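Taking it in order: structure first as structure tokens, then the write-up.
The values are calculated or read from the model by the stated rules, or taken from the named source; none is laboratory data. In this text, all values refer to a predicted model and were calculated from it rather than measured experimentally. Cβ placement follows ideal geometry from the backbone for every residue including glycine, while neighbour counts extend to all protein chains displayed. Surface accessibility is based on the protein's heavy atoms, side chains included, excluding ligands, DNA and RNA. Shrake-Rupley method; radii C 1.70, N 1.55, O 1.52, S 1.80 Å.
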Amino acid sequence: MIMEKDLERLIRYIRKEDVALFVGSGFSIKAGAPNVWQIIEAILKEGGQAITDSLTESDRGQLRFVSEAFVNECGGRNDLMTLLKNLFDFEPKDCSDQQTLTKIPHIKQIFTTNYDTLIEDAYPKTKCNVVTANEGCAYTDAHSTTIYKVHGDIATLNNSASIIITDSDY
């Protein structure tokens with residue numbers, strides 16, 4: 001249970017812009033983005049028996065191993081990226097959580113593992129920077145919110161190496 005004094009301290013840090021927010025993939029589920037289990041299921045379905053036979057039972061529940069097996073057994077990284085792009089080609093339903101973030105002006109750094117673009121789409125283009133690679137860190141703006149896409153971005157699939165999804169990527 002959060003004590004009132006802890007909450008007050010957190011609010012002070014936020015007001016001083018001395019916090020960074022970490023947003024995991026579950027943040028986009030309400031908007032209609034696929035969850036990790038749906039991604040795993042789609043990869044296993046597409047890969048069929050070739051993937052299933054190459055994985056242990058415990059590895060079948062981990063995206064990094066399932067996607068690695070797909071790349072190795074079923075046609076390579078480009079096919080995996082095409083599958084991923086299709087999974088994330090959805091019409092957002094409810095982006096109220098992403099919109100709420102834009103109303104907190106003191107949060108200037110957001111780190112996310114999300115592949116989708118829902119967070120940055122919620123911000124006005126002039127109010128956020130998106131960093132999908134180390135090189136992008138040099139171009140951040142202290143007056144804007146910077147969104148660090150630590151696992152890559154579905155919008156940058158033309159550079160499939162920027163997506164962190166397979167065991168080898170880690």
Query raised in the report: Hey, does the stretch 54-68 have a residue that's of a type in the set (Asp, Glu) and within 16 Å of the chain's Cα centre (by Cα)?
Result: no
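Within the stretch 83-142, count every residue that is assigned to a loop (DSSP other than H, G, I, E, B) and closer than 25 Å to Val71 by Cα. Reasoning before the result, please.
Going through the stretch 83-142, the residues assigned to a loop (DSSP other than H, G, I, E, B) turn out to be 88-95, 103-108, 113-117, 123-124, 132-133, 140-142.
With closer than 25 Å to Val71 by Cα added as a condition, the list becomes 88-90, 113-117, 132-133.
Of the residues in the stretch 83-142, 10 are assigned to a loop (DSSP other than H, G, I, E, B) and closer than 25 Å to Val71 by Cα.
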In the stretch 44-54, anything open to solvent by 80 Å² or more (accessible area, probe 1.4 Å) and in contact (Cβ under 8 Å) with a residue 24 or more places away in the chain is listed as Glu46
In the stretch 2-43, residues that are more than 17 Å from the chain's Cα centre (by Cα) and either modelled with pLDDT under 95 or open to solvent by 80 Å² or more (accessible area, probe 1.4 Å) (or both) total 19
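Taking the stretch 95-117 as the search range and keeping residues that are more than 16 Å from Ala31 (Cβ to Cβ) and touching a residue at least 24 places away in the same chain (Cβ under 8 Å), which one is surrounded by the most Cβ atoms within 10 Å (Cβ to Cβ)?
Going through the stretch 95-117, the residues more than 16 Å from Ala31 (Cβ to Cβ) turn out to be 103-109, 111.
Going one step further and asking which of them are touching a residue at least 24 places away in the same chain (Cβ under 8 Å), we end up with 104, 106-109, 111.
Values: Ile104: 12, His106: 13, Ile107: 15, Lys108: 20, Gln109: 15, Phe111: 15.
Residue satisfying both the conditions and the ranking: Lys108.
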* Would you be able to say whether some residue in the stretch 118-130 is open to solvent by 30 Å² or more (accessible area, probe 1.4 Å), more than 17 Å from Leu21 (Cβ to Cβ) and at pLDDT 90 or above? => yes
Among the residues of the stretch 55-94, the number that are crowded, with 17+ Cβ neighbours inside 10 Å, out of contact with any Lys or Arg (no Cβ under 6 Å at 6 or more places or on another chain), in contact (Cβ under 8 Å) with a residue 24 or more places away in the chain and hydrophobic (A, V, I, L, M, F, W, C) is 10
